[in-house]
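Right, one structure below, let's go through it.
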Amino acid sequence: MSIQLKDSGSSGNSNGYVRSGNSTNGYGGYQNSVGGSVPPARYSQPTVHVDDSFYYQRPKRGGLSHNQIMSISDILEWVVYGAEAFAGILLVIFALTHMQSAGAALAAVEIVFAIQTVVILIDALFQVMYRKESVLLIVFAFILSGFYPLIRGKIIDGQIDTRAIISLLVYLVGCITYFISIL
């Protein structure tokens, strides 16, 4: 523990501390006349933390905090998987019930595909706008909406999720069953 004396501050660039000679301390600064060490004036940086995630929070985007964005993203992920599996199941039901007219069957399938595409587009827009993911999600949502869960997992998480593979398999079985029943 050292005692620091203040002077009038007229002795140059010493920030009011009494300094003597050129004897340096561990900071590359000077020792004052009482014997304690005083860091030089340039040593005013705050302590650098190795793990600053505790001290740093991501800025809010669009009125949502980072935790809210991640929660909504997780919910939308389940909705996308569910919509794709539900579309596959409905296609199997349409194929097995042999709807009365081709027009009614086509209208029902169009509604299923429209609902699935809307859900996928909502998820893609949310991921691009709030999580700042790749714009390719929107492109794949328009062009390859059936394979969107695979592409979503690869772009967002860096790996394809097992739930995405299962929902895609259910969807593909539904599509194949429906198209075979049309023939």
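The values are calculated or read from the model by the stated rules, or taken from the named source; none is laboratory data. Just so it is clear, the structure is predicted and the values come from calculations on it, not from any experiment. Heads up, the Cβs are rebuilt from the backbone with ideal geometry, glycines too, and the neighbour counts pull from every protein chain shown. What goes into the accessible areas is simple: the full protein's heavy atoms, side chains included, and nothing from ligands, DNA or RNA. Shrake-Rupley method; radii C 1.70, N 1.55, O 1.52, S 1.80 Å.
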Review point. Scanning for something among the basic types (Lys, Arg), under 14 Å from residue 78 (Cα atoms), open to solvent by less than 50 Å² (accessible area, probe 1.4 Å) and out of contact with any His (no Cβ under 7 Å at 6 or more places or on another chain), does the range 136-152 turn up at least one residue?
Key: yes
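What are the residues in the range 162-183 that are within 30 Å of residue 101 (Cα to Cα) and open to solvent by less than 80 Å² (accessible area, probe 1.4 Å), if any?
Once the filter is applied, which keeps residues that are within 30 Å of residue 101 (Cα to Cα) and open to solvent by less than 80 Å² (accessible area, probe 1.4 Å), the range 162-183 yields 167, 168, 170, 171, 172, 174, 175, 177, 178, 181.
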Study note, to complete from the structure: Subset of the range 110-151, residues under 12 Å from the mean Cα position of the chain (by Cα) and of a type outside the set (Gly, Ala, Ser), comes to 126, 127, 128, 129, 130, 131, 132, 133
Exercise for review: Specify which of the listed residues (159, 127) is of a type in the set (S, T, N, Q), closer than 24 Å to residue 66 by Cβ and surrounded by fewer than 17 Cβ atoms within 10 Å (Cβ to Cβ).
Suggested key: 159
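Being open to solvent by 80 Å² or more (accessible area, probe 1.4 Å), free of Cβ contacts under 8 Å to residues at least 40 places away in the same chain and closer than 16 Å to residue 172 by Cβ: is that true of residue 86 here?
Yes, satisfied.
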